[in-house]
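Trainee: Sharing a structure with you now.
The values are calculated or read from the model by the stated rules, or taken from the named source; none is laboratory data. Here the structure is a predicted model, which is why all the values come from computation and not from measurement. Cβ atoms come from the backbone with ideal geometry, glycine included; neighbour counts cover every protein chain shown. The protein model used for the area step is the full one, side chains on, heavy atoms only, and it has no ligands, DNA or RNA in it. Shrake-Rupley method; radii C 1.70, N 1.55, O 1.52, S 1.80 Å.
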Amino acid sequence: MGNTPGNKHCILVVDDDEVVLFLMTQTLKSHGYNTTISPNGENIMDIITQSPPDMILLDIQMNGIDGGTVCQLIKTNRSTADIPILMFSSNENIAIITKQCGADGYIKKPFEPGKFNEA
């Protein structure tokens with residue numbers, strides 16, 4: 001948020017799957033985005049406070065705190081509520097979970113790299 005012209009947008013990617021984190025960050029970097037990663041939602045508010053992202057890509061199903069709970073935490077905090085959140089998951093209830101937690105949209109897994117680039 002607070003990017004000046006010429007700065008790359010930063011996207012926070014949160015997933016407990018290392019392969020997904022790697023693939024998503026490589027895809028985003030190849031399209032000119034800076035990325036920050038988190039392997040879980042445990043310290044998400046600390047991460048966001050230290051370096052507010054322009055957008056968050058958040059997995060629903062993670063070990064520990066789930067993505068829906070993380071999303072609610074972010075969206076109910078005045079200082080972070082305006083950060084766009086895009087949920088991603090293979091969970092068949094992704095649309096319902098996205099709506100319930102206040103996320104701005106979702107991508108179903110598995111996603112093809114070409115489809116991800118269009119999102």
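Trainee: Only one of 92, 42 is assigned to a loop (DSSP other than H, G, I, E, B), surrounded by 14 or more Cβ atoms within 10 Å (Cβ to Cβ), modelled with pLDDT under 95 and among the acidic types (Asp, Glu); which?
Mentor: Step by step, each of 92, 42 is checked, and only 42 is assigned to a loop (DSSP other than H, G, I, E, B), surrounded by 14 or more Cβ atoms within 10 Å (Cβ to Cβ), modelled with pLDDT under 95 and among the acidic types (Asp, Glu).
Trainee: Regarding the range 69-78, can at least one residue be identified that is assigned to a loop (DSSP other than H, G, I, E, B) and open to solvent by less than 70 Å² (accessible area, probe 1.4 Å)?
Mentor: Within the range 69-78, one or more residues are assigned to a loop (DSSP other than H, G, I, E, B) and open to solvent by less than 70 Å² (accessible area, probe 1.4 Å).
Trainee: Find the residue count for the range 45-63, including only residues that are under 10 Å from the mean Cα position of the chain (by Cα) and open to solvent by 90 Å² or more (accessible area, probe 1.4 Å).
Mentor: Residues in the range 45-63 being under 10 Å from the mean Cα position of the chain (by Cα) and open to solvent by 90 Å² or more (accessible area, probe 1.4 Å): 0 in total.
Trainee: While we're looking at this one, here's another question. Of everything in the range 41-94, what is under 15 Å from residue 17 (Cβ atoms) and not polar (S, T, N, Q)? Give them in sequence order.
Mentor: 41, 57, 58, 59, 60, 62, 64, 66, 67, 87, 88
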